[in-house]
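K.L.:
Structure in C-alpha cells, see below.
The values are calculated or read from the model by the stated rules, or taken from the named source; none is laboratory data. Being a predicted model, the structure only gives us computed values, none of them experimental. Positions of Cβ are generated from backbone atoms using ideal geometry, with glycine treated the same way; all protein chains shown enter the neighbour counts.
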Amino acid sequence: MNPIDLNILIPVYNEAENIKTAIEKIKEHCIYPYNITIVYDMDEDSTVPVVRQMQQDMDTLFLLKNKYGRGVLNAIKTGLEDTDTKYVVVTMADLSDPPVVINEMFRIAEDQNADTVCASRYMKGGGQIGGPFLKGLMSRVAGLSLRYFAGLPTHDATNSFKLYRSSFLRQERIESKGGFELGLELVAKAFIHGYKICETPTTWTNRIAGESNFKLLKWLPGYLKWYFYALQRQTSIFMMLLCAACLCIGQLVWKLMPDYNLVYLFGGYAIYFIGAFLMVLAYRYGELSILQPINSMSFVFSMIIAVFVLHEIVPWVNFLGIALIVSGVIVIGRSGR
C-alpha cells in the first residue's frame, strides 16, 4: 500500500522559467507526505530537462507524458487517471497558487471526509492579484451565482486549484473537450451526484514569468455547458413553475371565452401545450419527487387569478390551504439544492 496519500499534479507547457521555483515552494510549504507529478505534452518541452535534473535529489518527483494529445485538459486528464494516491491536487506551475493552501485542503479532506476541496478566491479570506479584468469578472460572477442560485457549496467553482478524492474520480467520466473547464465539470458533477464539497480560501496571483495559455473565447462554450449543468435542478424547478402558470392561464382563457370563440379555444390549447412542453423539459433535468409536488403551485396561481382577475369571493380557509401548499413547495424546493 502506498504510504503517501497525496499526489500534487502539475500540467506544464514550456515552464522552464517557473517549474524549479514551483517545486521548491511545494517542498518548503507542504507538510504532509506527497508525490509531485509533472505532466508534459512533448519530449521537447523546456520543462522536462529541468525536472530531470531535480529528480536526482527527489524520489517523489515524477514525469508523466500526456497520453491524450496536446493541451492542458489532456495533461490534467492523464494525471488524474494515473494517480494511485488517496487524493490528488491540481495546481499550476506558474506560481499563481500558493502551495501552503494544499495543507488545509488535505486536512479538510481528511477531517470532513470531503470528496472535493475547492481553493476559493471569492470566499472570506481569499483574493486575486492581477490577471485580466474580464476573466476575473466572469469567474467571480459564475462562482457566486452558482453558490447562491444553485446552492453549490463553494464560492469559486471555476478555479482549477482543487483537491479530489481518487475514489470520486474513478466514478466520474471526464467529458470536457478543452481548456480548464475540467475543474468546473468535476465540481458540478460532484454537486449533482451528491458528493461532499468543501472549500478553503486562497489568493491567486497572476504569473510573473512565461506565457499564459488561457483562451477565454475558445473555452467559453465548455464553461457555459458545465455552468448550466450545475444549474439544472434550479432550472427544472423554474420550468415546472412556468408550467403550472401556463396551465392556469390556459384555463383562464377558456373561462373568459365568449360563446366558444375559436381564438380563445385554440389560444387556451396553445398555452396548455407550452406548459406541457415545459413539463417535459423539467422532467428531463430534475427529479420526479421534487418536481411533481412543485406542480401543485397551479392551485396557488389559480387562487391568485380567482381573486385578482375574476374577483371571486374566496373563504379564508382556502388561503390557509394555499399557505400550506406554498410552505411545502419551499421545503421541497430547498431540499432539491
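K.L.:
Would you confirm whether any residue within the range 302-313 is touching an Asp or Glu at 6+ places or on another chain (Cβ under 6 Å) and over 30 Å from G194 (Cβ atoms)?
P.N.:
Yes, the range 302-313 contains a residue that is touching an Asp or Glu at 6+ places or on another chain (Cβ under 6 Å) and over 30 Å from G194 (Cβ atoms).
K.L.:
Every residue in the range 82-139 that is under 26 Å from L220 (Cβ atoms), in contact with an Asp or Glu (Cβ under 7 Å, 6 or more places away or on another chain) and either basic (K, R) or not assigned by TED's automatic domain parsing to the domain that holds N66 (or both), please.
P.N.:
R121, the sole residue that qualifies.
K.L.:
Name the residues in the range 111-151 that are under 23 Å from Y164 (Cβ atoms) and aliphatic (A, V, I, L, M), would you?
P.N.:
Once the filter is applied, which keeps residues that are under 23 Å from Y164 (Cβ atoms) and aliphatic (A, V, I, L, M), the range 111-151 yields A114, V117, A119, M123, A142, L144, L146, A150.
K.L.:
If we scan the range 136-149, do we find a residue that is of a type outside the set (K, R) and in a strand (DSSP E or B)?
P.N.:
Looking through the range 136-149, none of the residues is of a type outside the set (K, R) and in a strand (DSSP E or B).
K.L.:
Can you tell me how many residues in the range 117-171 are without any contact (Cβ under 8 Å) to a residue 60 or more places away in the chain and among the β-branched types (V, I, T)?
P.N.:
The number of residues fulfilling the criteria is 2.
K.L.:
Continuing with this model, one more query. Which one is farthest from I237 (Cα to Cα) among residues in the range 255-290 that are of a type in the set (F, W, Y) and touching a helix residue (DSSP H, G or I) at 6+ places or on another chain (Cβ under 9 Å)?
P.N.:
By that ranking, first place goes to Y264.
K.L.:
Residue pairs, Cβ under 9 Å, 6 or more apart or interchain, first in the range 267-296 and assigned by TED's automatic domain parsing to the domain that holds V326 and over 14 Å from I332 (Cβ atoms), second buried (at least 19 other Cβ atoms within 10 Å of the Cβ) and of a type in the set (D, E, K, R). List them.
P.N.:
Y285/R233
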